[in-house]
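To start, the structure itself, in structure tokens.
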Amino acid sequence: MFLAAVTGTPAHSQGIGADSVNNIVIGDILIEGNHKTRATIITREMALRQGDVLDSLRLTEALEIDRRKIINTNLFITVDMVLKPNPDSLRKDLHVVVKERWYFIIFPVFQLADRNFNEWWYDRKRDISRTIYGVYLSYGNVTGRSDKLRVLAEFGFIPKFEVSYTLPYIDKAQKTGITVGASYGINKTMAFRTWNDKLDYLSSEDINRKRFYTFVNLTRRNKFYGFHSLDLRWSQSKISDTIAVLNPRYLLNARREQRFFQLTYSYSYDKRDNFQYPLRGKSWGIQLSKIGLLPSDDINQTFLYGSYRKYFALSQRWFANTGFKARISLPQKQPYLQTIGLGYRNDLVRGYELYVVDGQYYALVKNEIKYKLFAVQKHFPWVPVRQFNTIPIAAYLNTFADAGYVRNTYPELSNTTLGNRMLYGAGTGVDIVTFYNILARFTYSVNAKKEGRFFFSIIREF
């Protein structure tokens, strides 16, 4: 166990005397339980410093804010902030007691090749051949500096190989970080177009697409909640003659190969109480990307993406959140591979999980109200591995209402009926949240087409 005392200029004294009534003076700040994590990684997240003077109410709030920032590093299962009398003075020492996660994770990969579980269940008739298997390795906190090595090897329906390494701080000020990585994947059976707002697949035993990219990403964190990012990558895609004939727009102008450099700037502000399942706070971000930096690149495209989300507590058990996302891209004539609308990842109107609505512009509004059924933390002392003997679990009932719009300037090319019209969806469900960033969602939703279905998803981030 490492212990660290943090010293510095008092940040909150504001002329308050150390002997003032109800004021508390922070003594030593001690980090406990960080068997691997360097103490500076923890204190980097803290605003409290030795010598700070706060009244009890402000101190309680400051302790909770710092605790949330430490837990959001994703390095710890639990974080406790404990004040204890200093034996040599009238000050109170702050003990930051952490319980580290299991950082080396290696497990078999078995997942679906489709966009989500629901598309596979309803549209692909639960075809077991549309699965991906392999192995995933995540080695977090390699040097104790919150760095991470990821290696992915997937086989089956879509073979893919990826490797990346992230070092969040490369300078003494702990503000600048870097990630480098590469990815290679191949497709045999693949979606070659969107038709009637569904992905249209070509079944084949031949390789129909190869994709490779490599990247370097620089991040800058000047303050606790703001993140700048600059990403430079080189990408290459090759498709078969068959795909180029079936959809000449796939890479545009019946191309069989696409090469380009891409530069993306992002800024995000994230002040949520918990990144995994936030209940309070807000987040927003913008992203500007230029695809095709050189005259020799095979594409020239620009897109701007923005998002905002607000979370707030209505009472001790009731919570709500609302937010929007929007994306615009130019020029209007784009390769199918880079034409992105609603239906991918979490950018969809709930109730339309089975649809893909392509377009050059889109806007999305999502609203939720949820009720906390329970939130407990179980400790099992008989489990020998300390990283697994404490299990937090929580459950929430929720109801939601979403709306979206996709602008498609060439609707005839995809025979869309959902593009260029308002999309609405609403429903209710249950969220189960547990440790290691695993979230299971069970929902029933209805869309504007009066289609009602049960949907299921698992979200995890290692």
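Surface exposure of the range 116-173, expressed per residue as accessible area with a 1.4 Å probe, stands at 50 Å². The simple spin-label model puts a point 7 Å past each Cα toward its Cβ; for S203 and R421 those points are separated by 3.1 nm.
In loop segments of the range 311-358 as defined by DSSP, the trypsin sites (Lys or Arg not before Pro) with at most 15 further C-beta atoms inside 10 Å of their C-beta are R317, K333, R345. Taking every DSSP helix (H) stretch of at least 4 residues in the chain, weighting each as -39,500 (n - 2.57) and dividing the sum by the residue count yields a mean residue ellipticity at 222 nm of -2000 deg cm²/dmol.
Relative contact order of the chain, taken over Cα pairs closer than 8 Å and 6 or more residues apart, is 9 percent.
In the context of the full set of protein chains, the range 320-375 has a per residue accessible area of 37 Å² (1.4 Å probe).
Extension gain, S129 to F312: 0.36 nm times the residue separation minus the Cα-Cα distance gives 61.6 nm.
Descending by average beta-carbon neighbour count within 10 Å, the peptides 185-192, 415-422 line up as 185-192, 415-422, the highest first.
Extension gain, N86-T409: 0.36 nm per intervening residue step, less the Cα-Cα distance, totals 109.4 nm.
Tell me, what does the Kirkwood hydrodynamic radius of the chain come to in angstroms if you use every pair of distinct C-alpha atoms? Walk me through the intermediate numbers first.
Details: mean 1/r = 0.0402 Å⁻¹.
When all Cα pairs of the chain are included, the Kirkwood radius is 24.8 Å.
For trypsin sites (Lys or Arg not before Pro), the sites in the range 190-290 that DSSP calls loop and that have at most 13 other Cβ atoms within 10 Å are K223, R256. A Förster radius of 25 Å, combined with the Cβ-Cβ distance separating F380 from K223, puts the computed FRET efficiency at roughly 0.05.
Scanning the chain for GluC sites (Glu not before Pro) that sit in a DSSP loop and have at most 14 other Cβ atoms within 10 Å, the longest stretch containing none of them is 206-450.
Can you tell me the 0 to 90 degree angle between the C-alpha axis of helix 56-71 and the longest principal axis of the chain, rounded to 10? So the inclination is approximately 40 degrees. Considering only beta bridges that DSSP places wholly inside the chain, some 95 percent are antiparallel.
Calculate, in nm to one decimal, what K188 and F107 gain on full extension: separation in residues at 0.36 nm each, minus their alpha carbon distance.
Contour length minus the Cα-Cα distance gives 26.6 nm.
For the range 237-305, the solvent-accessible area of protein heavy atoms averages 50 Å² per residue (probe radius 1.4 Å; ligands and nucleic acids excluded).
Each Cα pair under 8 Å and six or more residues apart adds its separation to the average, and for the range 111-237 the resulting relative contact order is 15 percent. Would you please name the chymotrypsin sites (Phe, Trp or Tyr not before Pro) within the range 135-165 that are DSSP coil residues with at most 14 other C-beta atoms within 10 Å of their C-beta? Those that pass, being in a loop and sparsely packed, number zero. Scaled against 2.2 N^0.38 Å for its residue count N, the alpha carbon radius of gyration of the range 274-370 is 1.34. Between W195 and W284, the modelled labels are 4.3 nm apart [label points 7 Å from Cα along Cα→Cβ]. Ligands, DNA and RNA left out, the 1.4 Å accessible surface of the chain is 60% carbon and sulfur atoms.
The values are calculated or read from the model by the stated rules, or taken from the named source; none is laboratory data. Computed from a predicted model, the values in this text were never measured in an experiment. FYI the Cβ positions are ideal-geometry reconstructions off the backbone, even for glycines, and counts take in every protein chain you see. The area values use the complete protein model at the heavy-atom level, side chains included, leaving out ligands, DNA and RNA. Shrake-Rupley method; radii C 1.70, N 1.55, O 1.52, S 1.80 Å.
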